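The values are calculated or read from the model by the stated rules, or taken from the named source; none is laboratory data. Note that this is a predicted model, so its numbers are computed, not measured. We place every Cβ from the backbone using ideal geometry, glycine too, and count neighbours over all the protein chains shown. Heads up: the accessible areas ignore ligands, DNA and RNA and are worked out on the full protein's heavy atoms, side chains in. Shrake-Rupley method; radii C 1.70, N 1.55, O 1.52, S 1.80 Å.
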Amino acid sequence: MTRCRFWRLDRHPEGNTDFARFLSLQEENCLPLAEGEVRIAVEWLSMDAGTRMWMSPRTDGYQPPLPLGAKMVGLVLGRVIESRDAAYPVGVLVRGFGQWADIATVVPALTGLEVVDETVTDPRQHFGALGMNAWTAYVGVKEVAAVKPGEWLVVSAAAGATGSLACQVGRNLGAKVVGIAGGADKCRYLLDEIGVDMAIDYRGEDVAARLAEVPGGVNAFFDNVGGPILDAVLGTMAHYGRVAVCGMVAGYDSDAPMPGPAKFDQVLMRRLRIEGFFIPDFLHRGAEFMPQLRQWLDAGTLAVRFDETAGLENVLTAYERMLTGRNIGKVVVRL
């Protein structure tokens, strides 16, 4: 029988470090496939901040928490090696939500599984400029924040996977872009490689004071973080500004909900619109987004820096790098 290694959630993590205390690498025989299931030899794993909430016991998130003892779940990219679904024949390259494992078993309809384009030179781009981070950036900037040419767009966690793509989508749509990130290296990356108009180091600068330099105020905010940075931006927004809430990474390491913004009164005073969105709600529209994203990728106007770690046994190291902000760009694990 085929052997499968996987990461198991044993305890609810505390904080965003030392995950080996809470997850363990296990091995088992793969069970025979049930009707409708697909088995994937995983080549790449995507490390995403949103999965941190799945490890907590919170029941008020956007999906139920993983039960203790379950296999850890995330986005996987790999080849079908066994199938009981005719739409996913053996040999095709697929992406979807599977297990943190070298062999993932999924039900396509429940995991967003799709066959991906193998003409893409770098397969990692299916987690990058053509992946769900890019879909999130595109929907959040273009539709939720409704950015228009000439407006000022602010992006938090701007040197991360989704944030760096949101900056570029805004730039490609004609906006002026401000990226907020932690550290001088990330700010240089935003200015030199991503092409933002202004980069703010939240660790060493007064975010609100820097944003006060934006002429006319901030028109749109793509928020990955929440917390104090959200407060800093709310007080500098233009009237009728829009906030697209993509993530709340500032609160993912706690089992308690985050407190509301201290400057929530600015929503009324400035007539702001704040809307949360979740990319699985848009999965059915993937074919609609892909032509534009592929065009930008091929033209070199939508780029991703990859932070790559090798080996299933090193997943927790890569995951911690992502959650503690020690990465620039998209964190992936090559199996």
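Summary of values
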| item | result |
| --- | --- |
| Ordering of 210-216, 296-302, 38-44 by burial proxy (mean other Cβ atoms within 10 Å per residue, highest first) | 38-44, 296-302, 210-216 |
| Contact order relative to length of segment 202-333, as percent, for alpha carbon pairs under 8 angstrom and 6 or more apart | 18 |
| Difference of contour (0.36 nm per residue) and Cα-Cα distance, Arg5 to Val267 | 89.5 nm |
| Label-point separation, Glu27 to Leu110 (7 Å along Cα→Cβ), nm | 2.7 |
| Sites Ala184 and Glu213 - FRET efficiency at Förster radius 22 Å, r taken between beta-carbons, to 0.05 | 0.75 |
| Probe 1.4 Å, accessible area per residue of segment 159-230, Å² | 35 |
| Gyration tensor (Cα) of segment 109-157, equivalent ellipsoid semi-axes in angstrom | 27, 14, 10 |
| Segment Glu313-Met258, length gained on full extension (0.36 nm per residue, minus Cα span) | 16.6 nm |
| Global form of segment 21-155, assessed from the alpha-carbon gyration tensor, a/c cut-off 1.5 | oblate |
| Solvent-free Debye scattering, log10 I(q)/I(0), computed from the Cα coordinates of the chain at q = 0.12, 0.13, 0.15 Å⁻¹ | -0.83, -0.97, -1.26 |
| Length released on extending from Arg334 to Leu283, taking residue separation times 0.36 nm less the Cα-Cα span | 15.9 nm |
| Student exercise, the chain dipole from Lys, Arg, Asp, Glu Cβ charges, in Debye to nearest 20 | 360 |
| Model label zone, Arg321; criterion: amide N under 16 Å from point 7 Å along Cα-to-beta-carbon; scope segment 45-79 | 45-49 |
| Rounded accessible area of Ile81 (nearest 10 Å², 1.4 Å probe) | 80 |
| Candidate aspartates and glutamates - alpha carbon under 19 Å from Lys186, same-chain residues fewer than 8 apart omitted | Asp48, Asp197, Asp201, Glu205, Asp206, Asp223, Asp307, Glu308, Glu320 |
| Ratio Rg/Rh, restricted to segment 131-287 and using Cα atoms, in which Rh is the Kirkwood radius | 0.94 |
| Ordering of 274-285, 152-163 by burial proxy (mean other Cβ atoms within 10 Å per residue, highest first) | 152-163, 274-285 |
| Sequence ranges 111-123, 192-204, ranked by mean other-Cβ count within 10 angstrom, highest first | 192-204, 111-123 |
| Cα gyration tensor category, rounded, prolate or oblate, for segment 272-317 with a/c compared to 1.5 | oblate |
| Carbon plus sulfur fraction of accessible area for the chain, probe 1.4 Å, in percent | 53 |
